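Take a look at this one; I'll ask things after.
We did not get these values from a lab; they are worked out from the coordinates using the rules stated. It should be emphasised that the depicted structure is a prediction, and the values quoted were computed from it without experimental measurement. Cβ: placed from backbone, ideal geometry, glycine included. Neighbour counts: every protein chain shown.
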């Protein structure tokens with residue numbers, strides 16, 4: 001094995017550890033959130049690097065958090081039943097520090113071009129198609 005292969009292996013192991021340990025740490029953060037706000041059933045967001053930005057640099061970003069309330073049968077703002085997390089009807093639990101999680105932490109833990117759903121049971125990470 002060459003020195004370059006060893007370095008690449010170290011990088012791979014680091015990324016795997018960062019993802020696993022980061023998810024565990026973020027799970028604790030979200031569990032505190034769900035304990036403080038039992039009316040919240042799930043929080044969802046997307047994160048990705050745009051493919052095109054009209055000549056500007058394409059930079060990784062985390063989009064708005066959306067939410068679903070326990071027992072919410074009204075449908076939501078989106079097809080998946082989730083609601084916007086901003087505006088005059090924004091629930092108190094969405095005014096928390098969820099948006100303060102650094103985007104580079106979320107990228108390191110969950111990756112790029114993904115949609116994440118956080119619940120009391122953990123995280124569901126799915127590939128996310130965007131324009």
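Given all pairs of different Cα atoms, what value in angstroms does the Kirkwood hydrodynamic radius of segment 84-131 take?
12.6
Further, regarding this structure: Sorted by mean Cβ packing within 10 Å, highest first, what order do the peptides 47-56, 22-31, 1-10, 115-124 take?
In descending order of packing, they fall as 115-124, 22-31, 47-56, 1-10.
Here is a follow-up. Would you mind ranking 60, 110 so that the residue whose beta carbon has the fewest other beta carbons within 10 Å leads the list?
60, 110
How many percent of Cα pairs in the chain exceed 17 Å? Display every interim value, and only then the final one.
Numbers: 5441 of 8515 pairs.
Summing the P(r) of the chain above 17 Å gives 64 percent of all pairs.
Helix 3-36 sits at what angle to the longest principal axis of the chain, using alpha carbons and giving 0 to 90 degrees rounded to 10?
For helix 3-36, the angle is close to 10 degrees.
When N counts the residues of segment 13-88, how does its alpha-carbon radius of gyration compare numerically with 2.2 N^0.38 Å, as a ratio? Working shown, then result.
Values: Rg = 16.0 Å, N = 76, 2.2 N^0.38 = 11.4 Å.
This ratio for segment 13-88 stands at 1.41.
Taking the beta-carbon count within 10 Å as an exposure proxy, list 131, 112, 84 from fewest neighbours to most.
Ordered by Cβ neighbours within 10 Å, fewest first: 131, 112, 84.
What is segment 3-127's relative contact order, in percent, from Cα pairs under 8 angstrom and six or more apart in sequence?
30
Fully extended, how many nm does the chain gain between residue 101 and residue 131 (0.36 nm per residue separation, minus their Cα-Cα distance)?
8.3 nm
Got a sec? How would 113, 130, 83 order by Cβ neighbour count within 10 Å, fewest to most?
On the way: 113 15, 130 11, 83 21.
Result, fewest neighbours first: 130, 113, 83.
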